[in-house]
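Following: one structure in structure tokens, then a few remarks.
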């Protein structure tokens, strides 16, 4: 392996290695944007079976993410709106139980989306699920009535997905490194 290849491999290992984040100077405060291939590598390694990786497509006014926490077997982060008192907890896991949820319009090709509402009044709370081969993203929300419809729409526009296959191609093309299957 030549010097350039070793450097690229070390950079990716540092970018996607959870234990190396501090040494590399990477911040783990916010969830990765859908264009942030190095940070998406963390998610890919946390749930190796997942065919899709959750990411941030855009932040509507008043939204931000925090507490990005990739670990073996799951990745979790929070989404905060200035119009909601509680954050939305977003979590990628290998699978989830949607038996008490209702199917809604799918947000991924080849996947399914479900909604389980726990309460409607005085607060609108529950969990939305995106289920696809090898993975499930759950969104635990708790919104005040009145703004809940707009907040649910904004939640869905804030989060998106990158396929594992696309990430693998981007890592190879842009950094010259390989994401293990």
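If you build the Cα gyration tensor of the stretch 60-181 and take the root of 5 times each eigenvalue, what three semi-axes come out, in whole angstrom, biggest first? Before the final figure, lay out the partial values.
Numbers: eigenvalues 156, 59, 32 Å².
That gives 28, 17, 13 Å for the three semi-axes.
Counting 0.36 nm for each residue step from residue 104 to residue 173 and taking away their Cα separation leaves a gain of 21.3 nm. Dividing the radius of gyration of the alpha carbons in the stretch 37-117 by their Kirkwood radius gives 0.97 for Rg/Rh. Can you work out the PRE-style zone for residue 69? Point 7 Å along Cα to Cβ, and I want the residues of the stretch 78-99 with backbone N under 17 Å. Within reach of a label on residue 69, which here means backbone N under 17 Å from a point 7 Å along Cα→Cβ, the stretch 78-99 contributes 78-80, 86-94.
Under the criterion of Cα pairs below 8 Å and six or more residues apart, the relative contact order for the stretch 28-165 equals 26 percent.
Each value in this text was obtained by applying a stated rule to the coordinates, not by laboratory testing. Here the structure is a predicted model, which is why all the values come from computation and not from measurement. Glycine gets a Cβ as well: all are built from the backbone with ideal geometry, and neighbour counts include every protein chain shown.
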